[in-house]
Amino acid sequence: MNGLWDALAGLGDQLAAHVLLSAAALALGIVVALPLAVWASRSERVARASLAFASLVQTIPALALLALFFPILLSLRAVFGEGLPTLGFLPALLALALYALLPILRNAVTAQANLDPGVIEAAEGVGMNFRQRLMLVEAPLAAPYIMAGIRTAAVWTIGAATLATTIGQKSLGDPIFAGLQTQNWVLVLAGCIASAGLALLADTLLGAIERGFRERRRGLWLGGFVAVALGVGAALFAQFGGGDDEDRVVIGAKGFSEQYVLARLIGQRLEAEGFAVEYRDGLGSAVAHSAAASGEVDVYVDYTGTIWTNQMKREDNPPRDTMYDEIVSWETENTGIRVLGRLGFENAYGFAVPADVSRMRGIESIEDLANVAPELTVGGDPEFFERPEWIAVRDAYGLRFAEQRNFSPTFMYNALQSGEADVIGAYTSDGRIEADNLFILADPRGAFPNYDAVLLLSPEASRDEALVSALLPLVDAIDVEAMREANYAVDREEEKLSFDEAARLLAERAGL
Amino acid sequence: MPDPILSFRGVSKAYGTTRAIDTLDLDIEAGSFVALVGASGSGKSTLLKTVNRLVEPTIGEVLFEGENVAGLPQPALRRRIGYVFQSIGLFPHMSVAENIAIGPRLGAERLPASRIAELLAWVELEESMADRMPDELSGGQRQRVGVARALAAEPHLLLMDEPFGALDPVTRDALGERVRKLHDELGLTTVMVTHDMAEALLLADRVLVMDAGRIVADEVPAALLAGNGGEIAQALVAVPRHQAERLAELSQ
């Protein structure tokens with residue numbers, strides 16, 4: 001119980017960011033929906049078209065809508081210049097505002113359509129012009145219905161805003177995604193309680209405003225407005241009141257434990273050297289790399305094989321050092337990202353089976369696996385079966401599995417133990433390989449490339465001498481045993497460490 | 001005849017291929033109380049609405065106090081003309097006093113409480129009604145407020161579109177007589193659309209009968225009762241006459 005309180009107490013920053021993101025998205029939704037609703041009330045065609053569009057948007061899953069804004073904004077850079085942010089607040093704001101559009105628009109249009117025609121005839125008959133009819137009659141009569149729509153939109157937006165974590169925007173989704181990653185249910189629960197509580201509070205306040213409009217009680221709706229304004233104001237102050245944001249070093253992390261721990265390791269070092277830092281956790285692979293290239297993330301850890309196949313689109317598999325050198329010069333020429341060095345361990349993909357199964361069935365290499373694959377179910381993380389590495393391995397060995405299933409990285413290991421998967425695409429630096437007594441199958445044809453962990457700096461960050469010299473000691477400092485231990489410390493079921501604690505453990509083991 | 005307050009010159013209104021008003025010419029004298037009578041779809045309501053431009057004629061022109069209404073801005077024109085209609089259309093979010101004062105308010109004029117009280121008295125409502133909301137009133141009271149609202153801006157012309165159609169017979173009768181008295185006291189010109197010939201005969205001093213977009217009879221009530229005005233008009237007069245005869249028989 002204490003853990004839950006501590007987790008909730010630590011969410012102040014995320015809560016403030018969540019409030020601001022939701023409020024801004026809602027405000028943008030209102031600003032777009034209301035004029036559109038007025039136009040729609042004067043034109044049947046506009047009403048149909050705008051409602052159809054808003055309904056269509058609603059059918060897109062929120063997660064996909066958020067993700068779609070990354071390429072959209074990236075292509076808009078041709079128009080607005082390189083300064084246009086493609087991650088974080090802007091895409092989250094736009095996606096959530098689109099999402100908020102439907103309930104507001106639908107209620108506003110319905111309210112207008114259901115206005116007593118006698119009242120409208122009277123408004124015209126007494127000589128109201130367009131503006132007077134809107135302000136004196138239509139707006140006050142539609143206000144309670146519009147407010148009900150805003151209320152629905154607010155609850156949706158606050159819920160969907162937790163997904164903004166995946167595109168690098170701080171929100172109450174941070175503890176949910178981090179907790180899901182490491183089976184830290186206290187963290188997940190804390191995030192859920194905070195966002196549900198926020199949604200309930202917003203619903204209550206907006207409900208008071210709605211009732212104030214409906215019952216024409218000025219005190220009630222005015223009080224509701226003041227309370228909402230105070231809440232947003234407090235969030236604004238919490239977010240921007242203390243110091244400037246510009247000088248912070250932004251540390252990126254993809255959505256798995258090792259990345260969270262390494263980001264904290266980097267952060268702790270930089271803080272010790274006097275830098276202010278900020279984390280962007282839970283980024284997708286491609287998103288993280290583009291974010292570093294654009295400077296929205298200053299530093300993060302990636303893996304040579306990932307860059308080789310995903311970014312460079314290479315299909316050959318050269319020796320380790322050749323690959324590394326080619327990546328360094330490719331990044332310099334194409335993205336301006338600086339590869340500071342290897343951290344010293346490899347986190348490769350490999351097929352893992354329980355050690356006893358490997359012994360009993362005599363499966364020791366991927367060649368052996370290929371013979372029995374048609375009877376087996378293979379599990380992988382959500383990216384795995386889309387990645388070129390999987391395709392390369394599949395084709396090199398002619399792998400044909402009975403079934404292919406996606407799991408989040410954490411659940412993948414559970415799936416192997418419970419028999420829902422017979423073999424999984426595991427990560428070689430994962431602490432659970434030893435802990436769960438798994439066996440990594442040999443890759444005699446060398447189909448999987450190298451996955452040396454490398455430290456990447458954005459073009460801007462790489463010009464910062466102090467930053468570079470603070471990070472250089474990390475190069476070649478972490479061996480795979482230390483990494484596995486730190487990973488296992490956050491992944492295990494009992495006596496979990498937080499990411500910060502695990503990062504300290506890792507620093508100690510690595511002698512930093 | 002002095003200059004008419006209202007003139008229709010060759011007015012037609014077509015909806016697709018149907019002609020709601022068919023090339024109609026008509027003059028209405030200041031101070032007269034004119035009833036437009038006819039079956040549903042005869043064009044009477046459409047004709048009334050061409051005056052305050054709730055309906056625009058397809059061709060022809062409507063002159064109000066010598067000016068072509070098509071050349072006047074709609075809001076200003078409508079504020080000069082009182083308008084009462086069947087669905088009343090009180091603004092549900094405004095009090096009785098606010099409803100009554102809306103016309104002058106649109107012209108940035110505030111009605112003093114004494115003027116509201118006077119208007120309420122004209123339609124036989126208590127001064128204390130001023131603060132009530134429309135949903136606290138009976139149907140008859142609402143239409144009384146509707147009439148007061150139409151008169152608030154001191155119009156010369158009062159248009160009424162089936163004003164008493166939704167009221168119970170007792171209220172209907174009382175409010176009809178009240179409006180006729182106000183018409184006389186205030187020196188108004190009134191045009192009332194109704195499908196009820198008895199109402200027209202009792203209140204108006206000129207009855208126009210419309211059929212298929214044309215005026216087929218234009219008589220004073222006494223002439224209609226004496227059998228003038230042609231077949232269509234007499235068919236309408238026959239209804240209340242027959243009812244009156246039946247009632248007379250029953251009472252014997």
Could you give me the ³J(HN,Hα) list for the stretch B:71-78, computed from phi with Karplus coefficients 6.51, -1.76, 1.60 and θ = phi - 60°, whole Hz, x at Gly and Pro? x, 9, x, 3, x, 5, 4, 5
Please compute the modelled spin-label separation between A:Asp6 and A:Ala113, points set 7 Å along Cα→Cβ, answer in nm with one decimal. 5.5
Here, trypsin sites (Lys or Arg not before Pro) of the stretch A:294-340 satisfying both criteria (DSSP loop; at most 16 other Cβ within 10 Å) are A:Lys313
Within 10 Å, count the other beta carbons around each residue, average over each peptide in A:22-31, A:470-479, and list them highest first. A:22-31, A:470-479
Taking amide H positions as placed 1.01 Å from N in the peptide plane, with prolines and chain starts having none, which residues 5 or more places from A:Leu283, or on another chain, fall under 5 Å of its amide H? A:Ala253, A:Lys254, A:Gly255
Straight-line reach from B:Lys44: which lysines have a Cα under 29 Å away, not including same-chain ones fewer than 8 places off? B:Lys13, B:Lys181
Can you list the GluC sites (Glu not before Pro) in the stretch A:194-283 that are in a DSSP coil and have 13 or fewer other beta carbons within 10 angstrom? A:Glu215, A:Glu246, A:Glu273
7 Å from Cα along Cα→Cβ at both A:Glu271 and A:Leu90: what's the point-to-point distance in nm? 3.0
Label point distance in nm, A:Arg77-A:Ile391, each placed 7 Å from Cα along Cα→Cβ: 2.4
Relative to the first principal axis of the alpha-carbon coordinates of chain A, what is the inclination of helix A:285-294, with its axis defined by its Cα atoms, in degrees from 0 to 90 and to the nearest 10? 80
May I ask you to evaluate 6.51 cos²θ - 1.76 cosθ + 1.60, the Karplus curve with θ = phi - 60°, for each residue of the stretch B:223-230 and list the ³J(HN,Hα) values in order in whole Hz, giving x for glycine and proline? 5, 4, 5, 7, x, 7, x, x
Alpha carbon Rg of the protein assembly as shown, scaled by the compact-globule rule 2.2 N^0.38 Å: 1.44
If you line up the long axis of helix A:499-509 against the longest principal axis of chain A, both from Cα atoms, how many degrees apart are they, to the nearest 10? 20
Restricting to DSSP H runs of at least four residues, report the calculated mean residue ellipticity at 222 nm for the protein assembly as shown, -39500 (n - 2.57) per run over all residues, nearest 500 deg cm²/dmol. -16500 deg cm²/dmol
Convert each backbone phi in the stretch B:168-179 into a coupling constant with the Karplus relation 6.51 cos²θ - 1.76 cosθ + 1.60 (shift: θ = phi - 60°), then list the ³J(HN,Hα) values in order as whole Hz, x for Gly and Pro. 5, x, 5, 4, 4, 5, 5, 5, x, 5, 4, 5
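Using Cβ contacts closer than 10 Å as the measure, can you line up A:Phe130, A:Phe439 from fewest to most?
A:Phe130, A:Phe439
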Which longest uninterrupted range of chain B lacks any GluC sites (Glu not before Pro) assigned by DSSP to a loop state (not H, G, I, E or B) and surrounded by at most 15 other Cβ atoms within 10 Å? B:127-252
By how many degrees, 0 to 90 and rounded to 10, does the Cα axis of helix A:185-214 deviate from the longest principal axis of chain A? 10
For the stretch A:288-354 versus the stretch B:64-118, the gap between their alpha-carbon centres in whole angstrom: 75
Using a cut-off of 12 Å between beta-carbons, work out the net charge of the residues near A:Glu121 (Lys and Arg +1, Asp and Glu -1, A:Glu121 not included). 0
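No value in this document is a laboratory result; all are computed from the given coordinates. Just so you know, these numbers come straight off a predicted model, no measurement behind them. Glycine also receives a Cβ, built like all others from the backbone with ideal geometry; neighbour counts cover every protein chain displayed.
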